[in-house]
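To start, the structure under review is shown below, and the notes come after it.
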Amino acid sequence: MSGPASQRDGAVRPSVSFELFPPRTDAAAIALGRTIDRLAEVDPAFISVTYGAGGSTRDRSLTVLKYLLEHTDVEPMAHLTCVGSSYGEANALVRQFLDAGITSFLALRGDPPEGADPDAGIGDIETAAELVQLIHRVNEEREPFGQAQVPGAPDARRITSDRRTARVAVAAFPNGHPRSRTPQQDIDTLLAKEAAGSNLAITQLFWDAADYFDLVDRARAAGVTMPILPGIMPVTVPARLARLTELTGVEPPLELAMGFELEPSRHAQIELGVEFAARLVEQVLDGGAPGVHLYTFNHHEAVLAVLERVGLGIAQSTERNHQEP
Ligand code: FAD
């Protein structure tokens, strides 16, 4: 992929960011520490950490976010879901994360548990847009004015006019949300999330760059102005492809599905997945995407190989100014 990568030799580097999930075991936690250290080397704009619907991973998510805060220079972004919470619970949750020093969020509705009674209601906060508003409200209540360090007096603070504002991202769906009735409903929802105060959208993974561009065009035509970061996952394990199809409802590309069948060697499968993702990254960046958000599945090797292939790897990350997503 030497040709397209050279188009990114300009002064501004597109933003790169990653998604992790909280580890389930001590061994996985140790491996994740190493992965985070490697990912931090490409100087990502942020690393986001998923949150189990209903709060099932709250403490583990927070531990990973604090690790990012304390051991790296990377901005940690906390996914938060609101499904099933009361106002009081959601308020306390947002405050807990802000108190821990987290100021970037990915506000999500989340999914009700499988088999939940559809008539039972899904809590006080029913949409991601309402959670966006709540995050801003709690942030403002917690810090009603800006504070800055007084030079030479480490314990003193002065009041400033700029309060720390949170980065509040939301989800977007290039292939439509599985429960959406019409494509327009997805765009209306995105517009509502921006009106509620979100300043970044991150997409669900997709396989065809045309689907991402179509979403961006329709969102812009409807008046959405926030950046829309394409979410891309290098899939190098055949079983994961089947699982992703179940989760997203989007059929995988034949090139990958058949390629995995025809290439039994692990090396060839990894090469196939990395090459496919690298081509998708090239296409979205060449078409004007502000950056890429890579789903890591808690492994650094594949995402770093993709970035290396498109000229955004570790060696290239120190050389240029970075674009904000
Ligand atoms: P909303 O913006 O409120 O709605 C999304 C879309 O679904 C809209 O089009 C809306 O109209 C439609 N819709 C929603 N509910 C219904 C309904 N009942 N009937 C009909 N249409 C409906 N989930 C987690 O649990 N934890 C995570 O960490 C997590 N991270 C994610 C990260 C990204 C980048 C993405 C794309 C998704 C993530 N999810 C996560 C999944 C997300 O919680 C689900 O997709 C959820 O169903 C919708 O959340 P939302 O924030 O998009 O909801």
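The values are calculated or read from the model by the stated rules, or taken from the named source; none is laboratory data. Quick caveat, the model's predicted, so the values are computed rather than measured. Cβ placement follows ideal geometry from the backbone for every residue including glycine, while neighbour counts extend to all protein chains displayed. Accessible surface areas use protein heavy atoms only, side chains included; no ligands, DNA or RNA. Shrake-Rupley method; radii C 1.70, N 1.55, O 1.52, S 1.80 Å.
A few remarks follow.
- Against the numbered list (1) within 16 Å of the ligand (Cβ to nearest atom); (2) within 30 Å of PHE276 (Cβ to Cβ); (3) open to solvent by less than 40 Å² (accessible area, probe 1.4 Å), ALA209 comes up short only at (1).
- THR236 vs. criteria part of a loop (DSSP other than H, G, I, E, B), at pLDDT 90 or above, of a type in the set (Ser, Thr, Tyr) and crowded, with 21+ Cβ neighbours inside 10 Å: yes
Every residue, every condition in (1) within 21 Å of THR50 (Cα to Cα); (2) hydrophobic (A, V, I, L, M, F, W, C), yes or no:
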residue: ALA210; (1), (2): no, yes
residue: ASP214; (1), (2): no, no
residue: PRO230; (1), (2): yes, no
residue: PRO238; (1), (2): no, no
residue: PHE260; (1), (2): no, yes
residue: ALA289; (1), (2): no, yes
residue: LEU307; (1), (2): no, yes
residue: PRO325; (1), (2): yes, no
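- Residues that are assigned to a loop (DSSP other than H, G, I, E, B) and open to solvent by 30 Å² or more (accessible area, probe 1.4 Å) within segment 190-206 comprise ASN199, GLN204, listed in sequence order.
- Residue count, segment 69-99 (criterion: in a loop (DSSP other than H, G, I, E, B) and out of contact with any strand residue (DSSP E or B) (no Cβ under 9 Å at 6 or more places or on another chain)): 4
- Across segment 41-55, the qualifying residues are those that are open to solvent by less than 30 Å² (accessible area, probe 1.4 Å) and not hydroxyl-bearing (Ser, Thr, Tyr), and the one among them that is nearest to the ligand (Cβ to nearest atom) is GLY52.
- Output for segment 10-40, where each listed residue is within 13 Å of the ligand (Cβ to nearest atom) and crowded, with 22+ Cβ neighbours inside 10 Å: SER17, PHE18, GLU19, LEU20, PRO22
- Test for LEU69: is it open to solvent by less than 10 Å² (accessible area, probe 1.4 Å), more than 12 Å from the ligand (Cβ to nearest atom) and farther than 23 Å from LEU191 by Cα: no
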